[in-house]
Amino acid sequence: MKRSLSITFGLLVIAFTAFGCAQMSDMLGTGWVTLIDGDKGLDNFNRVGDANWRAEDGAIVADKGKGGFLVTKNSYKDFQLKAEFWAGLNANSGIYMRCANPAVITDKSCYEANIYDERPDPSFGTGAIQHITKASPMLKAGGKWSTYEITVKGTQITLMLNGVRTAEGTDSKLASGPIALQFGSHGKEPGGVIKYRKLEIKPL
C-alpha cells in the first residue's frame with residue numbers, strides 16, 4: 001500500500017512539474033529571439049550606409065551621419081516583431097522588413113513600418129506601411145519611448161503602435177529577407193536621434 005502511494009505521489013510530482021515547466025515556458029515566450037537588449041546586440045547586425053550606431057545609456061543609438069541602417073545577419077519570412085524605440089521629434093526612421101538586398105536598403109525593396117512624425121505627407125508617416133497602407137489613426141512617437149508590434153505572415157502586414165492598430169495591408173512582392181533599422185536624413189541634414197532598447201523577433 002505504501003509503495004503504491006509513493007508511486008502515485010511520484011507521478012503527481014512529475015505531472016505538476018511538467019505542467020509548471022510548460023506554464024513557465026509560455027511566460028518566457030517560447031520562440032522569441034532577442035536581437036537588442038538595452039545596449040547589447042550590435043553584434044547581431046551588419047552596418048549599411050553612414051550612421052554612427054553605438055551602444056549608449058542602455059540603448060542602441062544613432063544621431064549623426066548621412067543615413068544608414070543596422071541590418072540583421074539572418075533573414076526572416078513570417079514573424080512577429082516587438083520593438084521599443086525612442087525617436088526625436090524630427091527623427092526620420094523606420095523598421096524595414098523582408099529586404100530583397102541586404103546591401104542596398106530602400107523603402108521599395110523592403111516593407112517599412114515608418115517612424116517619421118514630420119513627414120511632409122503625414123498619412124504615410126509614423127504608424128504607416130510605406131507605399132502600402134496609410135496610418136489610421138495617425139499617431140506621434142517623437143520625444144518618448146514607444147512600442148511597435150509587427151506581424152508579417154504570408155502577404156499580410158499588421159502594425160500596432162503603442163497598443164493601437166495603425167495599419168494593416170497586403171502585398172506579395174517580397175517573400176523573405178533581413179530586418180533593418182534606419183537612421184534617416186533630411187536631405188543634407190541628419191535626421192533626429194533614434195534609439196532602440198529592445199528588439200525581439202519570433203519566427204512563425
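Measuring against 19 Å, Cα to Cα, the residue pairs Lys66/Lys134; Lys108/Lys134; Lys134/Lys188; Lys153/Lys173; Lys108/Lys144; Lys77/Lys108 contain Lys66/Lys134; Lys134/Lys188; Lys108/Lys144 as the ones spanning a longer distance.
By how many degrees, between 0 and 90 and to the nearest 10, does the Cα long axis of helix 2-28 differ from the longest principal axis of the chain? That works out to roughly 0 degrees. Counting only DSSP H runs of at least 4 residues, each contributing -39500 (n - 2.57), and dividing by the residue count of the chain, the helix-based mean residue ellipticity at 222 nm comes to -4500 deg cm²/dmol.
Think of a 1.4 Å ball rolled over the protein heavy atoms: the chain then has 52 Å² of accessible area per residue. Normalised by the number of residues in the chain, the mean separation of alpha-carbon contacts (under 8 Å, six or more apart) gives a relative contact order of 30 percent. Residue-normalised convex hull volume from the C-alpha trace of the chain: 142 Å³ per residue. On the chain, 55 percent of the accessible area sits on carbon and sulfur atoms, based on a 1.4 Å probe. Label-to-label distance for Trp32 and Val164 is 2.4 nm, based on points extended 7 Å past Cα in the beta-carbon direction. These residues, Leu70, Leu204, go from largest to smallest accessible area, 1.4 Å probe, as Leu204, Leu70.
The values are calculated or read from the model by the stated rules, or taken from the named source; none is laboratory data. Quantities reported herein were computed from a predicted structural model and do not represent experimental measurements. Cβ coordinates were reconstructed from backbone atoms using ideal geometry, including for glycine residues, and neighbour counts include every protein chain displayed. Protein only, heavy atoms only, side chains kept; ligands, DNA and RNA dropped before computing areas. Shrake-Rupley method; radii C 1.70, N 1.55, O 1.52, S 1.80 Å.
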